[in-house]
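Quick note: the coordinates plus some simple rules give every number you see, no bench work behind them. For clarity, every value in this text was computed on a predicted model and none was experimentally measured. Neighbour counts are summed over all protein chains in view; Cβ atoms, including those assigned to glycine, are modelled from backbone coordinates with ideal geometry.
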Amino acid sequence: MDAVRKFLLSPGIWSSLFPVIGIARATKTGPRDWRVVLMWASWGISVALAVGTVLEKSRQAELDELEEGY
């Protein structure tokens, strides 16, 4: 449950997920060309970076806890 909480409470995750609404609308109504692919790719990269950041902060917190024990 703690793993889910750290993702749900992360502002980076939320800020990377909200643009999908605009990208989906642009995909539906706009022209289908190379820009659509770039929009989806950039969105996917931003989500991946946000998830990676949350995971890295979690690992760093665990390492800091271990170091405090010594």
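Computed as a quarter of the hull surface, the mean projected area of the alpha carbon convex hull for the chain stands at 5.6 nm². Relative to the first principal axis of the alpha-carbon coordinates of the chain, what is the inclination of helix 34-69, with its axis defined by its Cα atoms, in degrees from 0 to 90 and to the nearest 10? Long axis of 34-69 versus the principal axis of the chain: about 0 degrees. Full extension of the segment from residue 26 to residue 66, taken as 0.36 nm per residue of separation minus the current Cα-Cα distance, would add 9.7 nm.
Once both labels are positioned 7 Å from their Cα atoms along Cα-to-Cβ, the gap between residue 55 and residue 13 label points is 1.3 nm.
Applying a DSSP loop filter and a limit of 10 other Cβ atoms within 10 Å to the trypsin sites (Lys or Arg not before Pro) in the stretch 28-59 leaves 32.
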